[in-house]
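Here's the structure we're looking at; comments come further down.
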Amino acid sequence: MEDWHTHSSLCHHAEGSLEDYVKKAIDYNLKSIGFSDHFPYEFLKDIDNIPFLEYSMTLEEIEEYISLAEYLREKYELQIEIKIGFELDYLIGQEKALNAHLDKYMPRLDYLLGSLHIQEGQKGTWCLDDERFLENYKAFGVDFVYLEYYQKMQRMLTSNEFDHDIVSHFDLPKKFNKLPNDEELIENEVNKTLELVKKGNYIVEINTGGIRKEINEQYPSDKIINKMYELDIPILLGSDAHNPNEVGYEFKNMIKKLKEIGYTQLVCFDKRVKSFKDI
Ligand SMILES: [Zn+2]
Ligand SMILES: [Zn+2]
């Protein structure tokens, strides 16, 4: 098994060093562990009300992150494969600013997660998985939040400049157990979004982190995974671990579920090139 979504203490809101994660992953018998700490936010515009310094490393810390991961990759090469990535937050129209910082590291990266944590729309800018903004679900209406979220995801998937391989935690707005009222309306938007995932040859992450949250289920839901299977959208697993003890969280049960749905393969990445592995 491989875990493609982990966060270390470098991102200022998780516990454990990269090496702690590697040791846990070896204990857990993982074949690979992917580091996907958040890429910095400090150069982005119009996010002054977002406490982004608590979300990621700084630009200055990137070199330390990658160098340490490379060092660990050699140190543990006989025991486990180490993959180096970032979790990128998509902000509308700010791809150039992101790429100006990201491009120089690209040759050293194995994969990129594309995520939407920040809502940008009619009601301003806020972070939809930060409980400090929780009241917005009520103030704006849950369906409105979902609609803006998926419409933004559609822009992420069709941006020529936002370079990423994987869509993370696909139905994140459900984190605090806020579910759509008009199910059909949101399902239509989900299906439109999945068509673009398919068209863009993206991978969708099955993120077990949701099981640890109020919603108590993986991202995305069983219903969405079934739809993805129908569309032949490839997948991989991520624990979204914020503590080394969460590496490979609930993976055995999740693989069982995925097999029941029909999936027989998971995707692996090496230097941005994907391959398939039987499960
Ligand atoms: Zn995330
Ligand atoms: Zn994450």
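Assorted remarks:
- Remark: pairs (first residue in the stretch 235-257, within 12 Å of ligand 2 (Cβ to nearest atom); second residue charged (D, E, K, R); Cβ separation under 6 Å; 6+ apart in sequence or on different chains) = G238/E205; S239/D3; S239/E246.
To keep it simple, each residue is scored yes or no on (1) basic (K, R); (2) under 18 Å from H117 (Cβ atoms); (3) within 16 Å of ligand 1 (Cβ to nearest atom).
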site	(1), (2), (3)
G16	no, no, no
K24	yes, no, no
D27	no, no, no
E42	no, yes, no
D48	no, yes, no
I62	no, no, no
S67	no, no, no
Y71	no, no, no
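- Within the stretch 212-257, the residues that satisfy the criterion of being of a type in the set (D, E, K, R) and either open to solvent by less than 50 Å² (accessible area, probe 1.4 Å) or part of a loop (DSSP other than H, G, I, E, B) (or both) are K213, E214, E217, D232, D240, E246, E250.
- E19 vs. criteria at pLDDT 95 or above, within 30 Å of F133 (Cβ to Cβ) and more than 16 Å from ligand 2 (Cβ to nearest atom): no
- Taken over the stretch 258-279, the residue count meeting the criterion of being open to solvent by less than 50 Å² (accessible area, probe 1.4 Å) and in contact (Cβ under 8 Å) with a residue 40 or more places away in the chain is 5.
- Qualifying positions in the stretch 50-60 - more than 16 Å from ligand 1 (Cβ to nearest atom) and without any contact (Cβ under 8 Å) to a residue 40 or more places away in the chain: T58, E60
- Qualifying position, being within 14 Å of ligand 2 (Cβ to nearest atom) and open to solvent by 10 Å² or more (accessible area, probe 1.4 Å), among E54, E42, E61: E54
- Sole residue being away from ligand 2 (no atom under 16 Å from the Cβ) and in contact with a strand residue (DSSP E or B) (Cβ under 6 Å, 6 or more places away or on another chain), chosen from Y150, Y202: Y202
- Condition met for L88 (among the aliphatic types (A, V, I, L, M), away from ligand 1 (no atom under 16 Å from the Cβ) and touching a strand residue (DSSP E or B) at 6+ places or on another chain (Cβ under 9 Å)): no
The values are calculated or read from the model by the stated rules, or taken from the named source; none is laboratory data. Quick caveat, the model's predicted, so the values are computed rather than measured. Counting neighbours? That spans all protein chains shown, and the Cβs are built from the backbone with ideal geometry, glycine included. Heavy atoms of the whole protein, side chains included, go into the accessibility calculation; ligands, DNA and RNA do not. Shrake-Rupley method; radii C 1.70, N 1.55, O 1.52, S 1.80 Å.
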